Amino acid sequence: MIARLSRIALIGALIGALVGALAVTALPASAQLASGSPGYQFLDAVKNDKGTDVDAILAKPGSRIIDTQDPSTGEGALHIVARRDDAKYVSYLLYKGANPNIKNRQGDTPLLVAVDRGYDDLIPLLLKGKANPNLAGDGGQTPLIKAVLRRDEQMVRALIDGGADPDKRDFMAGKSARDYANGDARSPGMIKLFADLPAAPKRGVSGPTLR
């Protein structure tokens, strides 16, 4: 009996060790940042606006450090500069090849961060840098839905001009930006804006035709 329990305990310990090892190896490089590592130094330089250090780090050939993410928040350099409304840095990082659709742990892209904070000036820059205007956060709300809920007509127009889908629905309420706009009597200008927008064409269903 004792020997059997010992074998069970040993098997349990081995399984635990294996799971722990897999968990470590499954972590992306960004989640294994250590103080003093190149990734840590890069994000620290961005956070503290050390332009010279940022330039030097990104100048290294073959480096993709520009998309390094903070392991605790999941935020990359673009999130950081978007959060502080730094248009110059946003443009610079996009020019250097930063991924505009990178998500943090909350599922937010830099575009969603800019919309949440009401930074209208960043919207055209991010859209020009290939940010996806229809990429939703974890709650399913697209940048356009968030802009409508903010009643920010300038931002709404910029997103629509950038290709935002007015009829894409969120996950929670099953409503689209158009639905939210039409349901807000306090924003007649927004209602008119969406009334003038044609509905997005429905996609055809592929597959065999049943007869």
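At a glance:
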item	result
Failed item in (1) crowded, with 19+ Cβ neighbours inside 10 Å; (2) out of contact with any strand residue (DSSP E or B) (no Cβ under 9 Å at 6 or more places or on another chain); (3) modelled with pLDDT of 95 or more, with F194 passing the rest	(3)
Candidate set: segment 60-74, residues that are within 17 Å of L94 (Cβ to Cβ) and without any contact (Cβ under 8 Å) to a residue 40 or more places away in the chain; chosen: the one surrounded by the most Cβ atoms within 10 Å (Cβ to Cβ)	T68
Helices (runs of 4 or more DSSP H) wholly inside segment 60-179 containing at least 2 residues that are among the acidic types (D, E)	153-161
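The values are calculated or read from the model by the stated rules, or taken from the named source; none is laboratory data. In this text, all values refer to a predicted model and were calculated from it rather than measured experimentally. Because the Cβ atoms are built from the backbone with ideal geometry, glycine has one as well, and the counts that use them run over all protein chains shown.
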